[in-house]
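The values are calculated or read from the model by the stated rules, or taken from the named source; none is laboratory data. Because the structure is a prediction, the values reported are computed rather than measured. Here Cβ is always computed from backbone atoms with ideal geometry, including for glycine, and neighbour counts include all displayed protein chains. The accessibility values were calculated without ligands, DNA or RNA, using every heavy atom of the protein model including side chains. Shrake-Rupley method; radii C 1.70, N 1.55, O 1.52, S 1.80 Å.
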Amino acid sequence: MALTTEIAGFVQQVVTAMGLALTTTIEEGPDGTCVNLEGEDGGVLVRRGGEGLQALQHVVATTFRRQLGEDTRITVDCNGFRKDKDAELRQMARHMAEKAKTSGMPQEMGPLNPYERRIVHLAIAEDPGATSESIGDAVMKTVIISTK
Amino acid sequence: MSAPETAGGAGSPLRAVIETIVRALVDQPDAVTVTESVRRGVSVLELRTAPGDMGKIIGRQGRTATALRTLLAVTAERHGTRAQLDIKD
């Protein structure tokens with residue numbers, strides 16, 4: 001698809017302008033398109049909880065929102081940082097669901113950004129015994145995990 | 001205002017980052033200007049766009065402006081300096 005090539009080109013242009021030597025590859029997954037950045041210079045992007053990576057993803061999503069449409073998701077990863085973090089988040093969500101079931105008390109996670117909340121909600125949706133909802137009115141919200 | 005000390009020039013990575021991103025975000029990329037000066041050891045970048053593009057740069061709840069500042073800070077860190085972004089309206 002021409003658009004993903006254009007997106008990867010833009011990401012490459014931005015990181016090059018930042019003075020980072022990183023190579024860009026595209027991965028088409030079931031969950032949308034992922035732009036992967038690889039290289040030793042990735043450290044500055046994943047510092048402070050991946051602040052730079054999150055900012056880059058926001059800029060890419062905003063730039064291509066109109067062309068992408070609503071149901072196409074684009075993520076930007078660097079040296080597998082997001083992949084590892086997502087796996088951790090899923091594991092944490094499942095753990096909280098178990099805790100909610102054994103204690104009978106709703107469990108809180110967060111505050112989480114929209115991307116992170118989506119991962120938590122999807123992980124909880126796979127559990128027939130648990131349910132999740134977001135509370136708050138800012139970009140960052142807390143997710144409440146409770147038994148059904 | 002006194003003329004600030006100019007820095008960076010056309011090849012400045014700080015300017016390049018802001019220009020690359022902002023030109024992609026706006027409807028009128030030709031109207032985007034970024035000037036760079038140094039005040040007390042901090043690079044100050046002044047960003048101007050067409051009036052109608054200002055909202056795109058700021059974003060909902062200022063998220064895009066925050067993302068721009070984060071990427072600028074990462075770039076400055078990479079080059080061993082500090083930078084600040086002023087969005088001029």
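Computed from Cα positions, the angle between helix B:13-25 and the longest principal axis of chain B comes to roughly 0 degrees. Computed over neighbours whose Cβ is under 15 Å from that of A:Ala17, the net charge equals -1, Lys and Arg +1, Asp and Glu -1. For the stretch A:86-147, the share of accessible area belonging to carbon and sulfur comes to 54 percent (1.4 Å probe, ligands and nucleic acids excluded).
Of all the options B:Arg23, B:Arg39, B:Arg15, the one that moves most in a Gaussian network model of chain B with Cα springs shorter than 10 angstrom is B:Arg39. Histogrammed with a bin width of 5 Å, the alpha carbon distances of the stretch A:21-139 distribute as 2, 10, 18, 21, 18, 15, 9, 5, 2, 0, 0 percent, first bin at zero. Build a GNM of chain A with springs between Cα atoms under 10 Å apart, and of A:Gly43, A:Gly110, A:Gly29 the one that fluctuates most is A:Gly29.
Which percent, nearest 5, of DSSP beta bridges in the stretch B:13-88 are antiparallel? Let's see the in-between values first.
Values: 7 of 13 bridges.
If I count the DSSP bridges inside the stretch B:13-88, around 55 percent turn out antiparallel.
Report the FRET efficiency, 1/(1 + (r/R0)^6), for B:Ala31 and A:Arg66, where r is their Cβ-Cβ distance and R0 is 22 Å, rounded to 0.05.
Using R0 = 22 Å, I get an efficiency of 0.70.
Legend: mean number of C-beta atoms from other chains within 10 angstrom of residue C-beta atoms, peptide B:63-73, equals 5. Membrane-span-like helices of chain A, defined as complete DSSP H segments with a Cα extent of 27 Å or more along the helix axis and a mean Kyte hydropathy of at least -1.0, are identified as A:43-68.
By DSSP, the beta bridges lying fully in the protein assembly as shown are antiparallel in about 70 percent of cases.
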